[in-house]
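In what follows, a structure is listed as structure tokens, so that the remarks can point back to it.
The values are calculated or read from the model by the stated rules, or taken from the named source; none is laboratory data. Because the structure is predicted, anything quoted here is derived from the model rather than measured. All Cβ positions, even for glycine, are placed from backbone atoms using ideal geometry, and neighbour counts span all protein chains on display. Surface areas here come from the heavy atoms of the whole protein model, side chains and all, with no ligands, DNA or RNA. Shrake-Rupley method; radii C 1.70, N 1.55, O 1.52, S 1.80 Å.
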Amino acid sequence: MFSVNKRMLRMKFHYFLYLGGVASIVGFSPTIAKQMGYSPMLVGYLYTYLSILSFLVKPIIGFIVDRFRVKRIMFLVFVLICGITAFALNFIQKLPMKTTAILSCNTTTVLDVCSNVADLQLPECDDSLSKLLINNSVSITCQLFCQPNKSFRDEICKSWGMDYCIPQYNTDTNNNLEYFNVSLFKSITNQIENNFGFEVNSAQFKENQVLFPACLKPVCTRCEIDCSNGVIMELATVTKFEANIWNILSFHQSWEYFIVMSLFWIGQAITWSLQDPICFDLLGAEFEDFGKQRCWGSISWGLFSIFGGALIDYFSNSDIHKNYSPIYYLCFIIVMCDFVVAYKIKITETIGSKNTLSDVFKLLNNVNIVIFFLWIILMGVCTSMVWNYLFWYMEDLTRKYHSEKKLWIKTLQGSALGIQCIGGEMPFLFFSGWIIKRIGHSQCMALGLFTFAIRFYLYSIITNPIWILPVEFTNGITFGLCHAVLMEYARIVAPASAVTTVVGFSGALFEGVGISLGGLIGGFFYGKFGGVSTFKLFSICSLFMGILHVLFIMFSKKNVNSIDSIN
């Protein structure tokens, strides 16, 4: 008995260390990608690709483990890969960026940093950021390097009375405007042109300084800028390419990021698919206690998410650009400690069978199991919106309604993860066996869909990101309880010769099909219609699918919860 408890204690430690180690990386990965220059649609493509990759490798590794009895080796190798690749992310550079603005000289001189007019080829204005600069009282200075433009050069030389125009002083035959400095003092919103810019208080070009510069006739030129204000730099910054999947592949930074993220994602996907069957093997006939073991991972995920978010805010010098390095080091150290614990876990190798694949395909003849697989995909689609776009949505709400919270937004996001895991997942995982026994697997599946409908609707009506925190308690049902249902049901229906394969296939459907579809669909709608409309749409769809699931329970000849009929 003592030996069994010791083995389960090691399993608890593994869940605690491993999930705590990868929590911050997985949780903050969408906003990390955003800061590296990837658009919502590109993030959707990225996570679709990663989820498909996970879908492919999980059943393959599951088959190899069941067929060749190498569960221990695979488990340890992929735990190690997670730690190494997470640390490697710290050295991946962001996409090449540039700052662009238009300097216009007329009765006043104005520097436009963003525009809602596509023809001007300026970054699209972020109203939430622009509001931070209205009524700005702090002096802002910018250094400009403008494109060759003879008409602009001649006009400012004439209007500003600079010696640069006199031939004997000007040897520049390329019409280049070298670096010159401007001082900005008044923000301007041009309602007709939809531009946002600043009136230039003074300009210094070479030895000449002009106060309140103006021109006799209107001229303008495009410039790269370097300003003392971080918000202006954020407004004026764009990637050096059109944001589509084909152009992004021309940069080595994107390849480095994709490769390292792919290895990290494979590592954590395989570890997730192997750790649960290992836990079931240790539990034996007491498989209903799975949630009591798995809840330690939820506790750790929540604690380290809060801690990781606080570390990011503490080590960041800017409330716009965050320093994610602390969580890379944190992940590496904790996962290496977990490797030592995992090495000591007694792992039972599955008895191989030549008919592993045929045993798995026989499951598809049962309509109840097909409905179970479809439910897994639906839950993956819904979960994808939370994993990939909730933090993005929180940052959008902060910029739009509560800019004063940007300084500690990562702490707020980490707290959301903490509540998801400790306040939501942990108690529901712990009591999942008791709940499933009383209401049944199928009813728990329907409950998960209905809870997602409520959760997404609440997101859509919230304007203060703090109020997202109490909503995250619903994660106890949508992930904690439903994850236990997924694992237990897959374990029950799986043939003895293919437990790891079926559990891996179920996880692959959740992540590889569900999460990937959710990332793609969510990225499209989020980029096109914004967060509010997207969450309302997902709320309606979740409600509809929940009703369909209840109708299936009521009218199906074979109840999905009838395990005896499946066996």
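Key figures
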{"quantity": "Candidate set from region 96-125 (those that are small (Gly, Ala, Ser) and part of a strand (DSSP E or B)); member that is surrounded by the most Cβ atoms within 10 Å (Cβ to Cβ)", "calculated": "Ala101"}
{"quantity": "Tally of residues being in a helix (DSSP H, G or I), more than 19 Å from the chain's Cα centre (by Cα) and under 25 Å from Met233 (Cα atoms) across region 294-331", "calculated": "1"}
{"quantity": "Residues of region 371-389 satisfying the condition of being hydrophobic (A, V, I, L, M, F, W, C), modelled with pLDDT of 85 or more and surrounded by fewer than 23 Cβ atoms within 10 Å (Cβ to Cβ)", "calculated": "Ile371, Phe373, Leu374, Ile377"}
{"quantity": "Residue that is most open to solvent (accessible area, probe 1.4 Å), among those in region 266-301 that are among the acidic types (Asp, Glu) and under 12 Å from Phe75 (Cβ atoms)", "calculated": "Asp281"}
{"quantity": "Members of region 332-360 found to be modelled with pLDDT under 75, among the small types (Gly, Ala, Ser) and not in a loop (DSSP other than H, G, I, E, B), listed by number", "calculated": "Ser358"}
{"quantity": "Flag for Lys400 being over 14 Å from Ile468 (Cα atoms), at pLDDT 85 or above and assigned to a helix (DSSP H, G or I)", "calculated": "no"}
{"quantity": "Residue within region 510-524 that is over 25 Å from Leu429 (Cα atoms) and among the aromatic types (Phe, Trp, Tyr) present", "calculated": "yes"}
{"quantity": "Helices (runs of 4 or more DSSP H) lying entirely in region 432-522 (those with 3 or more residues that are modelled with pLDDT of 80 or more and of a type in the set (Phe, Trp, Tyr))", "calculated": "441-461"}
{"quantity": "Unmet criterion (only one of (1) touching a helix residue (DSSP H, G or I) at 6+ places or on another chain (Cβ under 9 Å); (2) modelled with pLDDT of 60 or more; (3) not aromatic (Phe, Trp, Tyr)) for Asp172", "calculated": "(2)"}
{"quantity": "Residue within region 35-53 that is within 30 Å of Gly531 (Cα to Cα), in contact with a His (Cβ under 7 Å, 6 or more places away or on another chain) and open to solvent by 10 Å² or more (accessible area, probe 1.4 Å) present", "calculated": "yes"}
{"quantity": "Residues of region 29-42 that turn out to be modelled with pLDDT under 75 and either of a type outside the set (Ser, Thr, Tyr) or part of a helix (DSSP H, G or I) (or both), as a count", "calculated": "2"}
{"quantity": "Failed condition for Lys6, given (1) without any contact (Cβ under 8 Å) to a residue 24 or more places away in the chain; (2) outside any helix (DSSP H, G or I)", "calculated": "(2)"}
{"quantity": "Condition check for Thr141: open to solvent by 60 Å² or more (accessible area, probe 1.4 Å) and at pLDDT 75 or above", "calculated": "yes"}
{"quantity": "Selection within region 3-28 - buried (at least 24 other Cβ atoms within 10 Å of the Cβ) and of a type in the set (S, T, N, Q)", "calculated": "Ser24"}
{"quantity": "Residue match in region 72-79 (condition: within 25 Å of Tyr324 (Cα to Cα), in a helix (DSSP H, G or I) and in contact (Cβ under 8 Å) with a residue 60 or more places away in the chain)", "calculated": "yes"}
